[in-house]
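The values are calculated or read from the model by the stated rules, or taken from the named source; none is laboratory data. None of these values were measured; they are calculated from a predicted model. Counting neighbours? That spans all protein chains shown, and the Cβs are built from the backbone with ideal geometry, glycine included. Quick note on the areas: whole protein, heavy atoms, side chains included, nothing else; ligands and nucleic acids left out. Shrake-Rupley method; radii C 1.70, N 1.55, O 1.52, S 1.80 Å.
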Amino acid sequence: RFLTLLDTSRSEYLIRDVNPEISELERIVTEDNIDISDYGLGRGIFNFWRKKTSDKQIKRLARLCHNKMLPGPHLNSLSLQSDEYLRFSIKPYAKVSAISEVKAQEVFQLLKGQETNLVYTEYGNGCESRAHKMAMILDRLCINSAKVFIESERIQLQGHTWSWWYHVAPIIAVQQSYQQVLYALDPALFDKAVPLTTWIERLREMHYYNKYDISLTSKYILLPKDKNSQKRNYAEEDIKESSKRIYKQRFMRFIRYFIGPLKEH
């Protein structure tokens, strides 16, 4: 099966979306401890194929949709339960498109395929810049996204010593039977699109009883300090700032091989 997937990915990555095959290849390599150099493959080849196949599909889908944004629900109509530890707020111009579960997962894989550009592996920093660039890619696919900011005194992942005071990701709505559910698109933390509640649970699991502010904002907001602003377009200075921050993450990825991974327990 490994050789079949390898041949398919190598020969068809410029023809169709082979992200599922690439993900399966990575799983097999990890589980079976395969040395890909034995097959004439260099380090980073899977990300190369993934980016090329994702670029191709993004261009194709962008041509098909002609910038006609898919409709979606009013966020105020969705069930967002605040409590003593979790407070939700919806900010101005926070709008999303509603798509199917299958479509959401396909779109997620296209975003994941931008690892070379967006450096999801440097997940300890740069979330605001990745979210901004992902929102712009979703625009090309005619999918209107919003952003979800989570803020707290300390946000920490299992097994890591470092922490954040905020994290952010794009969100869309997914149609499930007779209801629409908000999903987060965060390739830095997950291998697929997940319900917003799952995303929040992952980010509060280490400090569950801290107080968390969850803000749903427009896609045009880059940083949490601007979450109450009424931006209706991408600000040029925000685009430049996000590009600068991502450039820094690319540099960190380059030297990560020498300085080692993000420190863990």
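Details
- Amide N of segment 46-89 lying under 20 Å from the label point, which is placed 7 angstrom from the Cα of Q175 along Cα→Cβ: 61-62, 64-79
- Pairs of lysines in segment 47-106 (C-alpha under 23 Å apart; 8 or more residues apart or interchain): 10
- If the chain linking D7 and M136 were pulled fully straight, counting 0.36 nm for each residue of separation and taking away their Cα-Cα distance, it would gain 43.2 nm.
- Whole-angstrom gap from segment 189-265 to segment 104-133, using each part's C-alpha centre: 10 Å
- Those aspartates and glutamates that a straight Cα-Cα span of less than 14 Å connects to K240, excepting residues fewer than 8 apart in one chain: E128
- Accessible-area ranking of S37, S23, S242, largest first, probe 1.4 Å: S37, S23, S242
- ³J(HN,Hα) computed for each position of segment 88-94 - Karplus, 6.51 cos²θ - 1.76 cosθ + 1.60, integer Hz, glycine/proline x: 9, 8, 10, 8, x, 6, 7
- Estimated purely from DSSP H runs of n ≥ 4, each contributing -39500 (n - 2.57), the mean residue ellipticity at 222 nm for the chain is -13000 deg cm²/dmol once divided by its residues.
- Rounded percent of accessible protein surface that carbon and sulfur make up, the chain, 1.4 Å probe: 51 percent
- Contact order relative to length of segment 1-105, as percent, for alpha carbon pairs under 8 angstrom and 6 or more apart: 24 percent
- Protein-only accessible surface order, largest first, of F149, F48, F251, F2 at 1.4 Å: F251, F48, F2, F149
- Fraction of antiparallel bridges per DSSP, the chain only, in percent to nearest 5: 75 percent
- Contact order for the chain, expressed relative to its length and based on alpha carbon pairs under 8 Å spaced 6+ residues apart, stands at 22 percent.
- By the Cβ rule of 4.7 Å, the chain holds the following cysteines without a possible disulfide partner: C127.
- Average accessible surface area per residue within segment 66-184, 1.4 Å rolling probe, Å²: 43 Å²
- The structure-derived value of volume of the Cα convex hull per residue in Å³ appears in the list (1) 123; (2) 143; (3) 133 under the label (2).
- Counting only whole DSSP H helices of the chain, there are none at least 24 Å long by C-alpha along their axis and with mean Kyte-Doolittle hydropathy no lower than 0.0.
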